1. Over the Cα atoms of the range 207-271, what Rg and Dmax result, in angstrom?
2. Would you kindly calculate the translational diffusion coefficient of the range 400-540, applying Stokes-Einstein with the Kirkwood radius from alpha carbon pairs, for 20 °C and a viscosity of 1.002 mPa s, and quote it in µm² s⁻¹ without decimals?
3. How are the C-alpha pair distances of the chain spread across 20 Å bins, as whole percents from the shortest bin up?
4. What's the longest piece of the chain with no exposed chymotrypsin sites (Phe, Trp or Tyr not before Pro), counting a site as exposed if DSSP puts it in a loop and it has at most 12 other beta carbons within 10 Å?
5. Which FRET efficiency value, to the nearest 0.05, do you get for ASP141 and ARG454 by plugging their Cβ-Cβ distance into 1/(1 + (r/R0)^6) with R0 = 60 Å?
6. Can you give me the pair-distance distribution of the range 238-351, C-alpha pairs, 10 Å bins, whole percents?
7. Just add up the charged neighbours of ASP429: K/R +1, D/E -1, any other residue whose Cβ is under 12 Å from the Cβ of ASP429.
8. Hey, with R₀ at 35 Å, roughly what FRET efficiency would THR353 and ARG446 work out to, going by the Cβ-Cβ distance, to 0.05?
Amino acid sequence: MANSEANKLFKEFKIQSVSEFFRRNAAMLGYTGKVRSFTTIIHEAVTNSLDACEEAGIPPYVRVEIEELGSEHYKIIVEDNGPGIPENYIAHVFGKMLAGTKAHRNIQSRGQQGIGISGAVMFAQITSGKATRVITSTGGDEIIEAWVGIDVEKNEGKIFKKIKHPNPTGWRGTRIEMEVKEVRYIRSKQGPYWYLKLTAIANPHAHIELIEPDGKLIVFPRSSEEIPEPPEEMKPHPKGVMTDDIYRMARRTSRTTVRTFLIGEFSRISDKKVEELVKYIAALRLIKEEEEQRVREQLLKRLAEGEVDKVLASFGKKGKKALKEAEKLMEKPPEKLTWHEAEEIVEAFKYMTFLAPPTHGLRPIGEPNIEKGLSGILKPEFVTAVTRPPKVYRGGIPFQVEVGLAFGGELSSGFDVLRYANRVPLLFDAGSCVITSAARSIDWKRYRVDDLERTPLVLLVNVVSVHVPYTSTGKQSIASEDEIYEEIRLAIMEVARRLAKYLGGKHRKLYQVKRRKIFEKYVPEVSRALSILTGEPEDTIKNLLIKMIEKKFETVEENKAEADGNA
């Protein structure tokens with residue numbers, strides 16, 4: 001009877017694929033709301049194009065075209081001049097979730113999860129019932145035209161139709177066309193136009209074009225010829241790994257011993273560090289055997305203070321024996337490493353000190369390019385930028401913060417924060433983002449900004465990292481990590497000080513102009529009076545007084561410039 005009930009209960013048991021899960025939970029990928037869903041599709045396609053161009057060392061040219069087919073029904077076309085997609089990979093790129101060139105690598109990139117463009121293809125499929133048309137070539141003799149969809153039950157790409165065309169001109173790139181319904185195009189700060197504008201600011205090396213549904217062409221021209229260097233893959237840092245990381249990596253490695261595995265596949269681990277690791281593993285094994293809790297706590301405290309040699313010595317012969325056993329662990333084949341042994345290694349890492357992870361793999365926008373981007377698109381009267389030195393969060397994940405500030409000029413009144421992660425604009429969920437909280441925590445009055453909400457001021461904040469700590473899979477908000485929050489504040493305060501200095505100089509100039517006008521106002525009257533007293537011609541005296549005033553204010557400006565130069 002019980003067996004019958006169990007069979008009945010599990011009759012509906014079903015294994016769900018990743019694609020099927022996200023089809024039911026599309027909001028997790030950013031497909032929520034008609035405007036946001038539209039922008040998410042543009043974001044995924046443009047992100048793919050920019051990443052592909054940069055990795056191939058090609059100055060990006062991205063063209064986005066939007067055609068209105070009916071009420072809340074559009075065709076979206078995105079074309080780039082990237083390296084193209086090999087024929088065998090088309091179905092995987094556009095039709096398989098958690099597949100890509102970046103998700104498995106410890107490398108900075110705009111996309112991290114291998115879901116992006118395949119999620120857009122799925123959204124088009126479930127709202128319009130149409131496959132996505134892909135036209136691509138790697139620059140060879142053929143152009144591939146394919147209609148791609150997703151088999152959501154299998155999480156597999158499905159090519160419904162494929163045509164090969166000759167490529168006499170050697171065209172290279174990718175063009176995707178998708179029909180979507182239940183979306184709306186509007187020119188708001190959460191729509192495609194604003195998204196592309198912000199993308200152009202943070203990517204001044206890219207030429208971006210947008211054709212809106214009414215046929216209007218908007219061009220965001222390239223303002224820098226400097227293509228960012230491709231980011232380098234970075235080895236994981238001991239302070240940022242979990243037991244599962246060690247266990248899985250050990251089974252994939254080609255190294256022959258645990259020692260060479262740790263030295264070769266992790267950053268900041270040398271032969272000397274492995275010897276130190278052996279001591280900590282041995283000490284932790286002995287401490288766990290201690291029956292008295294008070295003694296265990298005292299020994300762990302000493303271990304945390306780096307007294308591993310003294311702790312081992314306190315165990316006498318047992319300490320030497322434990323050391324030899326731990327040394328054996330380093331010589332065994334990595335594929336034979338047990339889960340418990342991987343746990344021991346990670347636990348020992350927590351007590352050890354390591355150099356901060358290398359940060360050479362990070363690729364910020366750079367101060368000159370931020371200034372070019374802000375100046376070229378926003379046309380302010382004052383612009384400045386700062387790129388902070390790389391830091392780490394959670395003990396071992398490298399990141400870098402950069403901030404740009406634009407003031408006045410063609411900016412409209414009001415304070416605006418442009419949020420980015422690895423150059424990608426974040427348009428949604430601003431309230432839960434660490435960038436917003438850091439920007440709002442600044443006392444702007446200290447920097448000569450008395451009425452923030454009426455001041456024509458734009459702040460650009462870009463967080464660069466191998467692993468950006470997003471608050472959700474929608475990747476529109478960055479979690480409030482203390483180290484990131486503090487770095488953003490420091491960067492904002494630095495550009496704010498420069499703004500205050502500029503505004504101070506501007507106010508000084510206005511004051512000097514006002515003073516000069518007061519002096520000049522009395523020149524005619526003083527000239528007449530002096531002419532009567534001295535008998536000199538009035539015009540001669542007037543010219544002399546004007547020259548004296550000019551000389552006076554020139555000296556003031558020279559002294560101010562010299563003081564600024566010495567500051």
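1. 22.6, 65
2. 117
3. Taking all Cα pairs of the chain, the binned fractions are 17, 38, 29, 12, 4, 1, 0 percent.
4. 14-521
5. 0.50
6. With 10 Å bins starting at 0, P(r) equals 14, 48, 30, 8, 0.
7. So the surrounding residues net to +3.
8. 0.40
A short reminder: the numbers here are calculations on the coordinates, not readings from a lab. Note that this is a predicted model, so its numbers are computed, not measured. Methodologically, a virtual Cβ is constructed for each residue, glycine included, from the backbone with ideal geometry; neighbour enumeration extends over all protein chains shown.
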